[in-house]
């Protein structure tokens, strides 16, 4: 009887140890995947900022682009909705011209296929780009 109880106890300890190890590995993987997601997000935000600058400089002359880029400054995190809001405040429905240039530049940076389509939505296109990373 004693050997039977010891055997059950050893198996139970082994099960607990394995479960604890699996939990620790799962926790570590969760942290590393969260870290990777944050790194991708920062990388994407940087590319979005650079694409915004390139699109503005490509569409406007030097003084106009300098003024607009000064106005567009905002603290991180850079996001498509913030960019859209700033451009829309200035250009109203004309902001779509710059937004299309931003998305085209962004997709070119990541070597993603981009083709203009009707019903363009800047925020959705930026989110799709982020999801494809």
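The values are calculated or read from the model by the stated rules, or taken from the named source; none is laboratory data. Quick caveat: nothing in here was measured; it's all calculated off a predicted structure. Don't worry about glycine lacking a Cβ; one is built from the backbone with ideal geometry, like all the others, and counts go over all protein chains shown.
Restricting the search to the stretch 109-124, which residues are exposed (fewer than 13 other Cβ atoms within 10 Å of the Cβ) and either in contact with a strand residue (DSSP E or B) (Cβ under 9 Å, 6 or more places away or on another chain) or part of a helix (DSSP H, G or I) (or both)?
Hit for the stretch 109-124 is 124, nothing else.
Tally up the residues in the stretch 54-66 that are under 17 Å from residue 94 (Cα atoms) and part of a helix (DSSP H, G or I), please.
7
If residue 89 meets every condition in (1) assigned to a helix (DSSP H, G or I); (2) under 20 Å from the mean Cα position of the chain (by Cα); (3) modelled with pLDDT under 95 apart from one, which number is that one?
Residue 89 satisfies all of (1) assigned to a helix (DSSP H, G or I); (2) under 20 Å from the mean Cα position of the chain (by Cα); (3) modelled with pLDDT under 95 except (2).
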